[in-house]
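Input: a single structure, listed below in structure tokens.
The values are calculated or read from the model by the stated rules, or taken from the named source; none is laboratory data. What you are looking at is a predicted structure, and each value in this text was computed from that prediction instead of being measured. Note that each Cβ is placed from the backbone with ideal geometry, even for glycine, and that neighbours are counted across all protein chains shown. All accessible areas refer to the heavy atoms of the entire protein, side chains included, with ligands and DNA or RNA removed. Shrake-Rupley method; radii C 1.70, N 1.55, O 1.52, S 1.80 Å.
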Amino acid sequence: MGAHAAHDHHDDHHDHKPTGITRWLYTTNHKDIGSMYLWFAFAMFLTGGFMALLIRAELFQPGLQFFEPSFFNQMTTVHGLVMVFGAVMPAFTGLANWMIPLMIGAPDMALPRMNNWSFWILPVAFLMLISSLFMSGGGPNFGWTFYAPLSTTYGPPSTDFFIFSVHIMGISSIMGAINVIVTVFNMRAPGMTLMRMPLFVWTWLITAFLLIMVMPVLAGAVTMMLTDRHFGTDFFNAAGGGDPVLFQHVFWFFGHPEVYIMILPSFGIASAIIPAFARKPLFGYASMVYATASIAFLSFVVWAHHMFTTGIPLGGELFFMYATMLIAVPTGVKIFNWVATMWKGSMTFEAPMLFAIAFVVLFTIGGFSGVMLAMAPVDFQYHDTYFVVAHFHYVLFPGAIFGTIAAVYYWLPKWTGHMYSEGLAKLHFWLSMIFVNLTFFPMHFSGLAGMPRRIPDYNVMFADFNMLSSIGAFGLGLTQLLFLWIIIKTIKGGPKAAAKPWDGAHGLEWTVPSPAPYHTFSTPPVITDENAHS
């Protein structure tokens, strides 16, 4: 630690920061860019959440209350796109920017100028997407899956802006992923072997490879949409010899790995937090790495389980059904390892641990409904019902959002130099836990009873379940304003955070002072088993 102390003093002495707006416009510092990604993601989370509340207000009771069906369709579409591409993915990229260099002992990301670009093109993409809501003919209204021919033959004029914004988002994601891969392979401190890396770095490395492999597929899909709309091609037009089902194959070849892009970093976050608050090393580190890689590989061979009702041959249905169920094996390994880590540990339940445990429990419930949907004969019953909505919101809200919130509470003292209010954070947790279940659990029942998704009006028999979901949604939305207040309060002040505020935490990020100096690890740190990973 003597070497670290001398190194930290050196960093403090030279901790020069640019000031003013140019600091943020031109910055190549991984911490600044990480912060900008996180704030952007939070703004998009509130924007997409506001759209979700408009949807739930309309669905509070049967009959059309506030909006025309066309506007309702625009809200369901843009809500999904904003949450997936604007909130979840940038939040994980922000965490990667902040934490990966600190965790592997690197002074910055490997390609800092590209890092700046990959962030700053993102607001442009979303400005374009959201502005399409105010264009003649309205915004995109075909669902976040933008199936052809809804998005080609019948898409509004603003679809072209949507296509352009998806291209820009994809370029941003690919640049971010390249940066992570190059950083991890080239800038690890001496002694930080691959199998000594924290699980968060491993999960992000695998996520980065997924991004590089599937984002070009998405780009191809929207480019084919564009040429079908304007350049006389018929890729997805049956009248011209094309096939609308081709669109679904291409989309879901991107779309299913995309689900894991939104989950794998949360696996890494839980694998950092649970050992810290159980005060035990992570159980089965190597098996966690191999399980993550297995999940990523399997995500490429299950795409057609989203398409059982399109009439794919029986042999295809069987293959995709069994391949999908196979994902439960590495996922089960992870859940077993987290539980085994907690087993007989000296556990305490601060806010990061509460959110991490809630992530494990609720994600497992979402996984169970996923196994139900994987069964082809059963899927025919559930397809396009609220059961599907319940499933993916159970996977994504507790999975991606709770995972991100857990990470923010865990690393906030390192970022700000202050401890957050534990009482307010626990209030935030319990309100979130109650309202997330009140919002999404009733959707299982309305779906099983046959309520279709993406409709603004419904049969009176679904009224009670929808009323509960809407009450829960408004509670969940308001609760996140408490989260915003806690963050702002912590940035402005609070009890001083120690370099390592969590006594069970391990890793290089805890060897630098809190807040982390603007420049860290200008000299590579010494890697030992103690600070390699938890």
> Among ASP457, ASP464, which is over 26 Å from ALA87 (Cα atoms), open to solvent by 10 Å² or more (accessible area, probe 1.4 Å) and in a helix (DSSP H, G or I)?
Replying inline: ASP464
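State yes or no: is PHE387 open to solvent by less than 10 Å² (accessible area, probe 1.4 Å) and at pLDDT 95 or above? It would help to see each step written out before you state the result.
Values: open to solvent by less than 10 Å² (accessible area, probe 1.4 Å): yes; at pLDDT 95 or above: yes.
Taking the combined requirement at face value, the residue satisfies it.
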> What do you reckon, is THR331 surrounded by fewer than 19 Cβ atoms within 10 Å (Cβ to Cβ), of a type in the set (S, T, N, Q) and either under 20 Å from the mean Cα position of the chain (by Cα) or part of a helix (DSSP H, G or I) (or both)?
Replying inline: no
> From PHE92, PHE119, which residue is modelled with pLDDT of 95 or more, aromatic (Phe, Trp, Tyr) and more than 22 Å from ARG196 (Cα to Cα)?
Replying inline: PHE119
> Somewhere in the range 253-265, is a residue open to solvent by 40 Å² or more (accessible area, probe 1.4 Å) and charged (D, E, K, R)?
Replying inline: no
> If you go through the range 140-197, how many residues are open to solvent by 50 Å² or more (accessible area, probe 1.4 Å), among the polar types (S, T, N, Q) and assigned to a helix (DSSP H, G or I)?
Replying inline: 1
>> Regarding the range 133-140, can at least one residue be identified that is in contact with a helix residue (DSSP H, G or I) (Cβ under 6 Å, 6 or more places away or on another chain) and closer than 30 Å to THR520 by Cα?
In response: no
> Identify, please: which residue in the range 65-91 is of a type in the set (Val, Ile, Thr) and in contact with a helix residue (DSSP H, G or I) (Cβ under 7 Å, 6 or more places away or on another chain) and is, among those, surrounded by the fewest Cβ atoms within 10 Å (Cβ to Cβ)?
Replying inline: THR76
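Quick grid of which residues meet (1) in contact with a Ser or Thr (Cβ under 8 Å, 6 or more places away or on another chain); (2) surrounded by fewer than 17 Cβ atoms within 10 Å (Cβ to Cβ); (3) acidic (Asp, Glu):
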residue	(1), (2), (3)
PHE45	no, no, no
LEU59	yes, no, no
GLY63	no, yes, no
GLY94	yes, no, no
ALA106	yes, no, no
ALA110	yes, no, no
ARG113	yes, yes, no
> So how many residues does the range 268-319 have that are open to solvent by 10 Å² or more (accessible area, probe 1.4 Å), assigned to a helix (DSSP H, G or I) and free of Cβ contacts under 8 Å to residues at least 40 places away in the same chain?
Replying inline: 8
>> Being among the hydroxyl-bearing types (Ser, Thr, Tyr), in contact (Cβ under 8 Å) with a residue 40 or more places away in the chain and open to solvent by less than 10 Å² (accessible area, probe 1.4 Å) is the requirement here; does TYR409 meet it?
In response: yes
>> Where the second residue is hydrophobic (A, V, I, L, M, F, W, C) and in a loop (DSSP other than H, G, I, E, B) and the first is closer than 17 Å to GLY220 by Cα and lies in the range 131-152, which pairs have Cβ atoms under 7 Å and are six or more apart or on separate chains?
In response: ALA148/PHE236; PRO149/PHE236; SER151/PHE142; THR152/PHE236
> Given (1) touching a Phe, Trp or Tyr at 6+ places or on another chain (Cβ under 6 Å); (2) buried (at least 24 other Cβ atoms within 10 Å of the Cβ); (3) under 25 Å from TRP144 (Cβ atoms), where does MET225 come up short, assuming only one miss?
Replying inline: (1)
>> Quick check on my filter: what residues within the range 228-260 are more than 20 Å from PHE308 (Cα to Cα), in contact with a Phe, Trp or Tyr (Cβ under 8 Å, 6 or more places away or on another chain) and among the hydrophobic types (A, V, I, L, M, F, W, C)?
In response: PHE235
> Which of the residues that make up the range 348-368 are in contact with an Asp or Glu (Cβ under 8 Å, 6 or more places away or on another chain) and either assigned to a helix (DSSP H, G or I) or open to solvent by less than 30 Å² (accessible area, probe 1.4 Å) (or both)?
Replying inline: ALA351
>> Quick check on my filter: what residues within the range 115-124 are surrounded by fewer than 21 Cβ atoms within 10 Å (Cβ to Cβ) and within 14 Å of GLY86 (Cβ to Cβ)?
In response: ILE121, PRO123, VAL124
>> Looking at the range 498-512 only, could you name the residues that are within 18 Å of THR348 (Cα to Cα) and crowded, with 17+ Cβ neighbours inside 10 Å?
In response: LYS500, PRO501, TRP502, GLY504, ALA505, HIS506
>> Of the conditions (1) out of contact with any Ser or Thr (no Cβ under 9 Å at 6 or more places or on another chain); (2) buried (at least 20 other Cβ atoms within 10 Å of the Cβ), LYS344 satisfies every one except a single condition; which number is it?
In response: (2)
> Condition test on ILE486, is it open to solvent by 70 Å² or more (accessible area, probe 1.4 Å), closer than 30 Å to PRO442 by Cα and not hydroxyl-bearing (Ser, Thr, Tyr)?
Replying inline: no
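Answer with yes or no whether GLN74 is over 20 Å from the mean Cα position of the chain (by Cα) and modelled with pLDDT under 95. Don't jump to the end; show me each part of the working.
On the way: over 20 Å from the mean Cα position of the chain (by Cα): yes; modelled with pLDDT under 95: no.
In short, no.
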> Out of curiosity, is SER432 assigned to a helix (DSSP H, G or I) and in contact with a strand residue (DSSP E or B) (Cβ under 9 Å, 6 or more places away or on another chain)?
Replying inline: no
> Within the group TYR394, TYR409, which residue is among the aromatic types (Phe, Trp, Tyr), assigned to a helix (DSSP H, G or I) and in contact with an Asp or Glu (Cβ under 9 Å, 6 or more places away or on another chain)?
Replying inline: TYR409
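Could you tell me whether ALA473 is touching a Phe, Trp or Tyr at 6+ places or on another chain (Cβ under 8 Å) and either open to solvent by 70 Å² or more (accessible area, probe 1.4 Å) or closer than 19 Å to MET75 by Cβ (or both)?
Working: touching a Phe, Trp or Tyr at 6+ places or on another chain (Cβ under 8 Å): yes; either open to solvent by 70 Å² or more (accessible area, probe 1.4 Å) or closer than 19 Å to MET75 by Cβ (or both): yes.
In short, yes.
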